[in-house]
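To keep things clear, I will list the structure first and then write my remarks on it.
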Amino acid sequence: MLPDTLRPRFRKIFGCLYRGKGNDTIEKLSVDLGSPTKLISVGDVTTFHLLNHGIIPDILVVDDRTKRGPASDRVVVGTKHKGFTEISVDNPAGVITEDLIDAVGNALGSDEHVRIFVRGEEDLAAVPAILMAPEGSVVLYGQPDEGVVLVKITSDKKEQMKNLLTEILKGQEHKFDKEQIETIRRKLDGYQYH
């Protein structure tokens, strides 16, 4: 679980926050999107508005939820784009599971568009996405009631996220044995593109 002491740090914006709602926000950020190596969208509402705007991510991560409650039928249907291969994983709230790491890593290695559906919550999916995406990629995730965060992947951004992940994993030591935590670290490091 994400320790309460780290929640404010995780909410800290890792990229550029585009304030607003819906298509207006996507319109603003699309100007700065460029042509990323990989485009990864995390969150149902962010993904819905991207697809509505005709911006097709390489990878999208959704859980049919928004702000800890069910997403509207319109959003749920709107994130089911025809051109995506679907992968489902289990991932509880406040946790980063090996299944989620594997799904993101495999999607990054694929030439197909991949929709990762999370049974549970995708609240921390931006962490492995930022760590594992090749430099030059972009990760987008929603900041509830504020807008969308655009993270341009650089070596500095990866290092910043690695430091936060180390603290998150320390907070999960009671749930996993040391071997499991080391496996998670190795997987994240192994999937990194240099």
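The values are calculated or read from the model by the stated rules, or taken from the named source; none is laboratory data. Just so it is clear, the structure is predicted and the values come from calculations on it, not from any experiment. Because the Cβ atoms are built from the backbone with ideal geometry, glycine has one as well, and the counts that use them run over all protein chains shown.
Here the stretch 73-117 is the region considered, the condition is being in a loop (DSSP other than H, G, I, E, B) and charged (D, E, K, R), and the residue that is surrounded by the most Cβ atoms within 10 Å (Cβ to Cβ) is LYS80. If the condition is being crowded, with 16+ Cβ neighbours inside 10 Å and at pLDDT 65 or above, then the stretch 182-194 contributes ILE184, LYS187, LEU188.
So, LYS158, is that one in contact with a Leu (Cβ under 9 Å, 6 or more places away or on another chain) and modelled with pLDDT of 85 or more or not? So LYS158 passes the test. In the stretch 47-60, is there at least one residue being under 25 Å from GLY109 (Cα atoms), among the acidic types (Asp, Glu) and either surrounded by fewer than 20 Cβ atoms within 10 Å (Cβ to Cβ) or over 15 Å from the mean Cα position of the chain (by Cα) (or both)? No, the stretch 47-60 contains no residue that is under 25 Å from GLY109 (Cα atoms), among the acidic types (Asp, Glu) and either surrounded by fewer than 20 Cβ atoms within 10 Å (Cβ to Cβ) or over 15 Å from the mean Cα position of the chain (by Cα) (or both).
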